[in-house]
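Before any comments, here is the structure.
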Amino acid sequence: MTPTLPTFHAPAERSPDADLLRQAGLFRDPTLISLLDSVTDIVLILNRHRQIVFVNRNLLELLSLSDGTNLLGLRPGELFHCENACEGPGGCGTADGCRECGAVKAVLCALGNERRVEECRITQRKGDDVLAYDLKVCATPFDRDGERFIIFAINDISHEKRRRALERIFFHDILNTAGGLRNLAQMILEEVPLDLRGDTMLLHRFSNALVEEIVTQKLLLAAETDELPVDPHPVDGVELLRDVANLYAGHEAARGRALTVLSCVADSAMVTDSTLLGRVLGNLVKNALEATPEQGEVVLGCDCDGECVTFRVRNPGYIRPDVQRQIFQRSFSTKGAGRGLGTYSIRLLTQNYLKGRVGFETSPSGGTEFRVCLPRNAFNGMEPDIPDAPGDTRDGVPGLAPTWAREQGQAPGEGPLWNDNGEARGRDATAWGSDDAAATRAGR
C-alpha cells in the first residue's frame, strides 16, 4: 500500500514520469494545439494530480521557451514560484497557506466535475525581492481517453486591481477636497456682502456641480464593476419625482424652460432604492432639459397599476433614427467626445440594479418620451410581469400609455418608432432596452 504523503490541504501525490510522458502525448494533436494557442489567456492542462501535461504558446512566449518539456510535471504554483509552493511539504497546494488559494480551490472543484472561476493572489520571491500577482483562473474538467484532465486558464488582472485601488483612493481624496470647497462656499455665501452675493452664489453652484459629478462617476464605476450596493426600502414614487423636479428646477439647464409635474391619483407606493432611482430620473430630466429649446416645456408624469410604477419624462425634441439606434450604448453621445454615459447609466442602473425596464418613444410631431417602468416590489424574490410596449393591455384593460397620451392630447405611437437595434417594428413598437439576463439577475 502506497503511503499518503504529508499535506496541510490538497493531496501531495504525483504521477510517475512515465505517466506524465504518456499523458503529454495525448495533447499533440495539431488541431487541439492550434485551438489552445489561439486564445489570449495562458492555458495549462493539468492531470488528476494537478501537474502540467501541456502549456499553450502564450506561456512559452512569456517564459521565452521553445517548448514545455522542462515544465512537465510542475504544478501551477511551482511554475510561478509561489512562496507557499516552496513551503508546502509536497509542493503547490500542500502548505497551510494554500487553504485560501483560489487556484487550488478551482482545480479541486474541477476534479469533482465542476467548472470553477476564482481569483488567485500569488506572492513570488526572487532573491530578496517580493513580487505580487493578482490572477483570475478558470478550471474546467474534461476527459480524454478515459482519464480526467483540467483545462486551467490564467488571466493576469494585477493592473485592474491596482487601478481599482487607485480609483478608490482618488475618489475618497477628491470628494473630501470638493466637499470642503462646497462647505466653504456655503459659509461664504451666508456672510458675503450683497454686492458680492452673485459671484458667491456662482461659486457655490459650481462647487455643488463638482461634487455631484464626482459622486456620479463613482457610482457609475461601482455599477459597472458589480460593486454597487442596493438599499431597497418603501418609496412614494410621485414624491420622489417631485423632489427630482424641484432639484432640477434651479439647474442651469432649466433656465428659460418650464418643468411640469402631472398629478397622479393612483397609489405610487413601491419598494426600491430611492438614491439609485433618483439618479436615473435626474439623468432623464437633465437630458430632457438640454434637448428642450428656450420657452419649451419638460413634462414629468407617473402611472401606476397593481404591479408596476412607470415614470415618464417628455420633451418636445425628436431623436434622429441614427441616434435612436445607439442611444443606450456606452460612450455614445451627441454632445462630443468624452461624453455618452448618461443614457447608458440610466439603462445600467434600471435593469441591473432596480430590476426594471427603460425605453423611449419619439416622433417629429410628438416629441420624445422616456419611460422607466419599475415593479412595485422586485426585492421579494418574485419577478413581476413588466409590460413590453406603451400600448400593452392586460385582461382587456388599456395599458399605461393611453392615459398619458390622453393627458398630452396626442395618440400614442404617432410617427416612426424604433426598437433598440434601430429596426422599424410598426406603429406599436417602442425602443426598449432589453437585456433580460441583467434585468433578472439573482440577488439584486
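From (1) open to solvent by 50 Å² or more (accessible area, probe 1.4 Å); (2) in contact with an Asp or Glu (Cβ under 7 Å, 6 or more places away or on another chain), pick out the condition that doesn't hold for THR260. Failed condition: (1).
Restricting the first member to segment 111-129 and to residues that are closer than 22 Å to GLU160 by Cβ and polar (S, T, N, Q), and the second to residues that are modelled with pLDDT under 95 and open to solvent by 60 Å² or more (accessible area, probe 1.4 Å), the beta-carbon pairs closer than 6 Å and six or more apart or on different chains are THR123/ALA132; GLN124/HIS81; GLN124/LEU131. Checking each residue in segment 144-184 for being among the aliphatic types (A, V, I, L, M) and open to solvent by 100 Å² or more (accessible area, probe 1.4 Å) picks out only LEU166. What number of residues within segment 268-282 satisfy the criterion of being over 18 Å from the mean Cα position of the chain (by Cα), within 17 Å of GLU212 (Cβ to Cβ) and crowded, with 22+ Cβ neighbours inside 10 Å? Residues meeting the conditions: 1. Counting only helices (runs of 4 or more DSSP H) that fall entirely inside segment 131-249 and contain at least 1 residues that are closer than 30 Å to LEU36 by Cβ and not hydrophobic (A, V, I, L, M, F, W, C), the qualifying elements are 158-191.
The values are calculated or read from the model by the stated rules, or taken from the named source; none is laboratory data. Just so it is clear, the model here is predicted, and its values are computed rather than measured. All Cβ positions, even for glycine, are placed from backbone atoms using ideal geometry, and neighbour counts span all protein chains on display. What goes into the accessible areas is simple: the full protein's heavy atoms, side chains included, and nothing from ligands, DNA or RNA. Shrake-Rupley method; radii C 1.70, N 1.55, O 1.52, S 1.80 Å.
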